[in-house]
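Undergrad: Handing you this structure, nothing more for now.
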Amino acid sequence: MRHLLSYRKRAPGPALLAGMTYAGAPDQVTNIFNPLSTPAESVHRIALLTLAICAVIFITVAGLLIYAVVRFRRRPGDDASEPPQIYGSNQIELAWTVLPILIVVVLILVTARTIADVENYPQPPDALKVSVVGHQWWWEIRYPDLGIGAANELHVPVSEPGRRQLTFLTLESVDVAHSFWVPQLAGKTDLIPNRVNRMWIEPKQAGVYLGNCAEYCGTQHAKMRLRVIAHPPEEFARWVESQRRHEAEATPASAGRERFFSTSCVNCHAIQGTSAKGTFGPDLTHLMSRETLGSGAAPNTPEKLRAWVRDPQAIKEGCLMPDMRLSDQELDQIVAYLLTLK
Ligand code: CUA
């Protein structure tokens, strides 16, 4: 899939600089300063306002401090007596009570308004609907209207001027609280057990957006990464078509296929069109169309795939896929089969 994408690669730079210099393409680092989606733009505006207010406060306080230190420093010839001690000034106390209250009220109002604008945004009938389910430590992704599923890589269409395309997500968790965060697309929204949260994104540039789980969820929280791949509309339609094909059905009988179906792989993983229907781990139907393994733990290359199947714990310690203690021959067979799942 990745060869279909026409995103520009660029070296990661300081986030702020990147945001100012390179608006127009997804960053190779998670970056809050280069929003490329409507909700992220709203968040970005508040972030800048908050930073500006903080900067004014910092400059004022630091400036007064430096002034006091320099102006009233000890000079040669000073006597050693105490300076006059002043207690209480209604004017100054009023000022430093009222001003912060006003600042906080302004920030509350602006924030509440932005949150309401984003959360109450009406869902257009043609919005793409996606269900995202958090697992320790990977993302299950389902497209209920399209009848397809994925894991760890969320493919969506890009929104173009005159042809807006929004993606509405429902967020759930099967175990603990996680948080869906792709900073260039939207703010964070938690995935909480026994609760359905909603959010939406509207990527305006094609490319790969990086994100990660933003709520500590256990040992491998840091390797619960997330990619959102935004395609131009026609390319997205092609991607959907490719995901509908169950290549597994067409895969000829092979030693690897037999081996896969005779091990406990099938208890946890599903491959559409076959008897493998496990839901505990990621759906493997189109495993080889993904860029990474283990939710961003390693690049998806044949060597890493083999290392992953041999002992996932070596790459992502604590992950729920066990070391199956396969022999070299079994490994070769299973990996050969997995490589056919494009
Ligand atoms: Cu999932 Cu942190």
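Undergrad: Which of rounded, prolate, oblate describes segment 73-219, given a ≥ b ≥ c as roots of the alpha-carbon gyration tensor eigenvalues and a/c under 1.5 marking rounded, otherwise prolate only if a/b is larger than b/c? All intermediate terms of the calculation are to be shown ahead of the outcome.
TA: Details: a/c = 3.11, a/b = 2.47, b/c = 1.26.
Because a/c hits 1.5 or more and a/b exceeds b/c, segment 73-219 counts as prolate.
Undergrad: Continuing with the same structure: Quickly rank 58-67, 198-207, 167-176 as a protection proxy: mean count of other C-beta atoms within 10 Å, highest first.
TA: So the peptides 58-67, 198-207, 167-176, ranked by packing, come out 198-207, 167-176, 58-67.
Undergrad: Sticking with this structure for a sec: Run the simple label-point estimate for Val105 and Ser275 please: 7 Å along Cα→C-beta, distance reported in nm.
TA: About 7.1 nm, to one decimal.
Undergrad: In whole percent, and with a 1.4 Å probe on the protein chains, what portion of the accessible area of segment 210-312 is carbon and sulfur?
TA: Working: 2440 of 4610 Å².
Solvent-exposed carbon and sulfur of segment 210-312 make up 53 percent of the total.
Undergrad: Sticking with this structure for a sec: Please tell me the relative contact order of the chain in percent, rounded to the nearest whole number, where contacts are Cα pairs under 8 Å and at least six residues apart.
TA: Dividing the mean separation by the residue count of the chain yields 17 percent.
Undergrad: In Å², and per residue, what accessible area does segment 100-197 have when probed at 1.4 Å with the other protein chains present?
TA: Per-residue value: 48 Å².
Undergrad: Put one equal scatterer on each alpha carbon of the chain, apply the Debye formula with no solvent term, and list log10 I(q)/I(0) at q = 0.08, 0.09, 0.10, 0.11 1/Å to two decimals.
TA: Those come out to -0.50, -0.59, -0.69, -0.79, one per q.
Undergrad: Considering Cα pairs under 8 angstrom that are at least six residues apart, work out the relative contact order of segment 119-247 and quote it in whole percent.
TA: 27
Undergrad: Any idea what the relative contact order of segment 116-168 is, in percent, if you count C-alpha pairs under 8 Å spaced at least 6 apart?
TA: Reported relative contact order: 34 percent.
Undergrad: Anyone know which of Gly77, Gly187, Gly147 comes out most mobile in the 10 Å Cα GNM of the chain?
TA: Result: Gly77 has the largest fluctuation of those listed.
Undergrad: Measure nothing but the geometry: give the 0 to 90° angle between the long axis through the Cα atoms of 233-244 and the longest principal axis through the Cα atoms of the chain, rounded to 10°.
TA: 50
Undergrad: Compute a Gaussian network model of the chain, connecting alpha carbons closer than 10 Å, and tell me which residue from Arg225, Arg71, Arg325 fluctuates the most.
TA: Per the Cα network of the chain with a 10 Å cutoff, Arg71 tops the list.
Undergrad: Using alpha carbons only, how many degrees (0 to 90, rounded to 10) separate the axis of helix 328-338 from the longest principal axis of the chain?
TA: Tilt of helix 328-338: around 80 degrees.
Undergrad: If I model a spin label as a point 7 Å beyond the Cα along the Cα-Cβ vector, how far apart are those points for Asp145 and Arg238 in nm?
TA: It works out to 2.3 nm between the two label points.
Undergrad: Given a Förster radius of 30 Å and the C-beta distance between Gln85 and Ala62 as r, what FRET efficiency does 1/(1 + (r/R0)^6) yield to the nearest 0.05?
TA: 0.75
Undergrad: While we're here: Whose amide H sits under 5 Å from the amide H of Cys319, counting only residues 5 or more places off or on another chain, with H placed in the peptide plane?
TA: none
Undergrad: Follow-up. Per residue, how much space in cubic angstrom lies within the convex hull of the C-alpha atoms of segment 22-118?
TA: Taking the convex hull of the Cα positions in segment 22-118, it is 152 Å³ per residue.
Undergrad: Based on the inverse mean of 1/r over its pairs of different Cα atoms, what is the Kirkwood hydrodynamic radius of segment 119-184, in Å?
TA: Details: mean 1/r = 0.0764 Å⁻¹.
About 13.1 Å, per the Kirkwood formula over Cα pairs.
Undergrad: I'd like to know how segment 253-338 sits against the 2.2 N^0.38 Å rule of thumb: what's its Cα Rg over that expected value? All intermediate terms of the calculation are to be shown ahead of the outcome.
TA: Details: Rg = 11.9 Å, N = 86, 2.2 N^0.38 = 12.0 Å.
Relative to the 2.2 N^0.38 Å estimate, segment 253-338 comes out at 1.00.
Undergrad: Bin width 10 Å, origin at 0, all Cα-Cα pairs of segment 105-147: what percent of pairs per bin?
TA: With a bin width of 10 Å, the distribution comes to 22, 27, 30, 19, 2.
Undergrad: With every protein chain left in place, what is the accessible area of Ser89 in Å² (1.4 Å probe, nearest 10)?
TA: The accessible area of Ser89 comes to roughly 40 Å².
Undergrad: What accessible area per residue comes out for segment 254-341, rounded to a whole number of Å², with a 1.4 Å probe?
TA: Value returned for segment 254-341: 46 Å² of accessible area per residue.
Undergrad: Could you work out how far helix 38-71 tilts from the main Cα principal axis of the chain, as a 0 to 90 degree angle to the nearest 10?
TA: Tilt of helix 38-71: around 30 degrees.
Undergrad: Spin-label point model (7 Å from Cα, Cβ direction): what's the Arg198 to Lys304 distance in nm?
TA: A separation of 3.6 nm, rounded to one decimal place.
Undergrad: On to the next question. Given segment 155-259, what whole percent of its Cα pairs are spread farther than 18 Å?
TA: The calculated P(r) of segment 155-259 puts 60 percent of pairs beyond 18 Å.
Undergrad: At a 10 angstrom cut-off on C-beta neighbours, averaged per residue, how do the peptides 279-290, 231-242 rank from highest to lowest?
TA: Listed from highest to lowest mean packing, they are 279-290, 231-242.
The values are calculated or read from the model by the stated rules, or taken from the named source; none is laboratory data. Just so it is clear, the structure is predicted and the values come from calculations on it, not from any experiment. Methodologically, a virtual Cβ is constructed for each residue, glycine included, from the backbone with ideal geometry; neighbour enumeration extends over all protein chains shown. The accessibility values were calculated without ligands, DNA or RNA, using every heavy atom of the protein model including side chains. Shrake-Rupley method; radii C 1.70, N 1.55, O 1.52, S 1.80 Å.
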